[in-house]
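Structure, as structure tokens:
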Ligand SMILES: Cc1cc2nc3c(=O)[nH]c(=O)nc-3n(C[C@H](O)[C@H](O)[C@H](O)COP(=O)(O)O)c2cc1C
């Protein structure tokens, strides 16, 4: 029997974090095995319990779990997934990843993995247009990571601009193409 492809949906702390729930639902419907990982700030927007329930799996959040098996979780995940999708990706997380910081589980997994990596940024339009963000996104592209650009839409600040997370169905479609 063909092995189910495994996806890690990594959620960082932006207002569109709740949309990762719908993405996971779509990906599971398409037959993928899905694990969720959250930054501590993502957990301020959406609860780990929600992700545990919709994936039926433990949520990756801590690197220093008391009941850690012999192999650290970030390496086990890095070795076992076919694709990591950061949805949404904050300006902060993009900066960390572009510059090699590994101070929480998601950046560790991505730095340690040979799997495909998809980044879906979402932020305020001025943040998205800031030179540091542009430079960091350019760097991530040069690492071979696939970008799913944000679109024009209503932003959390009340304005309309480019920075709105791409449609979840479009993100799921891109992931499916990459895993074919
Ligand atoms: C209400 C609220 C909404 C936010 N939305 C975003 C966002 O959409 N994108 C973004 O890059 N940062 C956003 N931030 C700022 C991030 O939460 C902040 O940079 C945080 O340090 C990100 O942490 P993480 O990257 O470790 O998850 C928001 C903050 C608040 C309080």
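None of the figures in this text is laboratory data; all of them are computed from the coordinates on show. Here the structure is a predicted model, which means the values were calculated and not measured. Virtual Cβ from ideal backbone geometry, glycine too; neighbours counted across all protein chains shown.
A few comments on the model shown:
- Rounded tilt (10° steps) of 131-142 against the dominant C-alpha axis of the chain: 40
- Percentage of interatomic Cα-Cα distances in segment 6-178 larger than 25 Å: 25
- The C-alpha atoms of the chain define a longest principal axis, and helix 168-178 lies at about 60 degrees to it.
- Alpha carbon centroid spacing (whole Å) that separates segment 33-80 from segment 149-180: 23
- Remark: relative contact order (segment 97-180) = 29 percent; criterion is Cα-Cα distance under 8 angstrom and separation of 6 or more residues.
- Look at the alpha carbon pairs under 8 Å that are at least 6 residues apart: their mean separation over the length of segment 6-178 gives a relative contact order of 23 percent.
- Taking 19 Å as the cut-off, the amide N atoms of segment 12-27 that come nearer than this to a point 7 Å along the Cα-to-beta-carbon line of residue 157 belong to 13-17.
- DSSP finds beta bridges in the chain, and of those with both partners inside it, around 20 percent are antiparallel.
- Residues 61, 147 arranged by fewest to most Cβ contacts within 10 Å: 147, 61
- The calculated FRET efficiency for residue 101 paired with residue 2, based on their beta-carbon distance and R0 = 41 Å, is about 0.65.
- Angle of helix 19-29 to the longest C-alpha principal axis of the chain, folded into 0 to 90 degrees and rounded to 10: 50°.
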